[in-house]
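Asker: Take a look at the following structure, please.
No value in this document is a laboratory result; all are computed from the given coordinates. The structure displayed is predicted, hence computed values, not measured ones. Backbone-built Cβ (ideal geometry, glycine too); neighbour counts: all protein chains shown.
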Amino acid sequence: MIALIISNDEYSINQISSSLKKNKYDVIVYHDFIKAMDNLFEIRPAFIIISCQEYPRHWKVMGTFLNAFYNLKIDYSRSSTFKPSLVLLNEDIYNREISEDAGKIGVKGIFNSCSDEGLAALNQIITQNQQSSIEVQNSEFVFANPFTDVLVTGNVDKMHDKILTFVPDILTHTLQIATGTILKNCTLNTGSKPENVRAQVLSVQSTEPYAMEILVEN
């Protein structure tokens, strides 16, 4: 998995990178916020870490964008196979406004320094948010195309809460399926036993690598 650090402070970058690499993350660093935003879908980070003091307005832009992206189900091209969590480095511990604003736009956590104590807090944030984003191996999802009744088979790339990323075995079997489509005769097999589920398509990535984001419920 990838973690994206947006910072110009070499000490912070080195300390945070070292901590993340111990948790088996590949680290990408951007000094330019705009370039980081432009390349977000190509990088596909699991976590984005920004300093509030270095980027006092930019972090709100990132948080607002990600919050709208998830909650409004905006269908951006190439967007459906990653869900980054925004984490803030806030060294101004007396600034309550930052904490209040962060809570409003879905920031996943705040740590206050790059000391051992601060990095321990960062590791705790990472661990807590990893638990809701599960890498799924040898999992399958099968359903009937509601427009053609063709059986669609494929693999589950990731599951996040009740949302899975589905990669079909045969792309042509998914013709006409679009955002909002309710799927028929769905079976999810995550390795224990197959389950019959209800499912609705949240987004479709029509460019390579092709994938669909699907909400599943029992």
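Asker: Longer than 24 Å from Cα to Cα, which of K21/K158; K35/K158; K22/K193; K108/K184; K162/K193; K24/K108 are they? Say none if no pair is.
Answerer: Distance filter (> 24 Å) returns K35/K158; K22/K193; K108/K184.
Asker: For all pairs of alpha-carbon atoms in the chain, what percent lies in each bin of width 5 Å, listed from the first bin to the last filled one?
Answerer: 1, 7, 14, 18, 17, 14, 11, 9, 6, 4, 1, 0
Asker: Another question about this same structure. Semi-axes of segment 144-218's equivalent ellipsoid from the Cα gyration tensor, sqrt of 5 times each eigenvalue, largest first, rounded to whole Å?
Answerer: Ellipsoid semi-axes (Å, largest first): 17, 14, 12.
Asker: Could you sort the peptides 7-16, 112-121 by per-residue average Cβ neighbour count (10 Å cutoff), highest mean leading?
Answerer: Highest-to-lowest ranking by the protection proxy: 7-16, 112-121.
Asker: Among 54-62, 94-102, how do they line up from the highest to the lowest mean number of other beta-carbon atoms within 10 Å?
Answerer: Listed from highest to lowest mean packing, they are 54-62, 94-102.
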